[in-house]
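Just below is one structure, and these are the notes that go with it.
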């Protein structure tokens, strides 16, 4: 099978969507399929050679997300590349210019389309006080998804949300976790020492974009409300994003911004923590929470969004009321005070992560590709 994937986010840009797409591409290629990704021209690190299977397009920074680029495909060039590639199917992974270009090409070449929904635009717009855009936004999204044979959703809660908004031709594309990368075995005293921690000092970890929609303001306010403690915990923020410069100058005592970590270095950060805190209520899944569980770390999360598909209160995570700094403070205090509770939640989280097998999940995506192609053949023969 030859698959063309269109996305505004892809490597070297680091995000949950980018990493999921990279894993999908690697799995497809491993199974003998041929994939070409159409993505914006993100700057490459010095000395880095780009993947020849990526077709880059001109782009500009997205105004709300300076680290995300909005593609501006040049039609003659991308059309010629697409025609030379000769795909069997188009997968549109973002709903902006790259996605609409993929739809336009699929229509011209009479190819089936699979879409994947990754972002809860309704909750995002609320965080940026842009709620007034959503009536028109949903009209556009229904038009966009209407071109696809199937819309793949990362969680059942978000799938239900799409159904309520009139997008009903959906299927579940859940998420797995790399158990070799995210394992308690990667706990490392050197990582803790890097963050200035002594052996018995609690390390609370956040991993994700440093952006408003992640509710970092609530986490930091909760940390302030927690106040000084005899065990002197530290909050380590791993990631980058629009709030990074502001956070560098306005974090409360005991907070460290550690920048972006990837690969085994990221795995070591998770495994070296004593508690993972994730305040976001905008997730369509919540990859980082599953990674923390796989790493054997007790987790504090909010009872909202896609994380509720796999996080269960007092079983594999401690779930609190969303959008409340007071609830986060209570959760932090409860978990820091109770080491036995942390051990029990960590064990429950590991058991949940062990059941999340990427291989079977990606097989489901392939099956949706094959169904879309079979339907296209039937329609062509009719």
message: How many angstrom lie between the Cα centre of region 116-178 and the Cα centre of region 190-223?
response: 30
- prompt: Over the chain, what is the mean sequence separation of C-alpha contacts under 8 Å (at least six apart), divided by residue count, expressed as relative contact order in percent?
  reply: 15
field: Difference of contour (0.36 nm per residue) and Cα-Cα distance, residue 168 to residue 33
entry: 45.7 nm
query: Along the Cα-to-Cβ line of residue 224, 7 Å from the Cα, sits a label point; which residues in region 323-347 have backbone N less than 19 Å from it?
result: 323-333
- prompt: On a 0 to 90 degree scale, rounded to 10, what angle separates helix 134-145 from the longest Cα axis of the chain?
  reply: 50
query: What residue among 62, 216, 152 shows peak mean-square fluctuation when the chain is described by a Gaussian network model with Cα springs under 10 Å?
result: 62
- request: Calculate how many DSSP beta bridges within region 37-109 are antiparallel, expressed in % of all such bridges and rounded to the nearest 5.
  value: 50
query: Where does each of 359, 214 land when they are ranked from fewest to most other beta-carbon atoms within 10 angstrom?
result: 359, 214
- prompt: Nearest 10 degrees, 0 to 90: what angle lies between the long axis of helix 97-108 and the longest principal axis of the chain (Cα atoms)?
  reply: 30
message: Ranking request for peptides 200-211, 66-77: highest mean number of other beta-carbon atoms within 10 Å first, then the rest in descending order.
response: 200-211, 66-77
- prompt: How would you classify region 184-354 from its alpha-carbon gyration tensor, with a ≥ b ≥ c the square roots of the eigenvalues: rounded for a/c under 1.5, else prolate if a/b is greater than b/c, otherwise oblate?
  reply: rounded
field: Residue exposure sequence - 145, 124, 38 - by fewest surrounding Cβ within 10 Å
entry: 124, 145, 38
- request: Along Cα→Cβ, 7 Å out, is where each label goes; now give me the distance between the ones at residue 248 and residue 303 in nm to one decimal.
  value: 3.9
message: Could you tell me how far the Cα centroid of region 276-342 sits from the Cα centroid of region 33-48, in Å?
response: 34
message: What is the angle, in °, between the Cα long axis of helix 16-30 and the longest principal axis of the Cα atoms in the chain? Nearest 10 is fine, range 0 to 90.
response: 60
- request: Pull up the DSSP beta bridges for the chain and report the antiparallel fraction as a percent, rounded to 5.
  value: 10
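Where a number appears in this text, it was derived from the coordinates with a stated rule and is not lab data. Please read all numbers here as calculations on a predicted model, not as lab measurements. Note: ideal-geometry Cβ built from the backbone for every residue, glycine included; neighbour counts use all protein chains shown.
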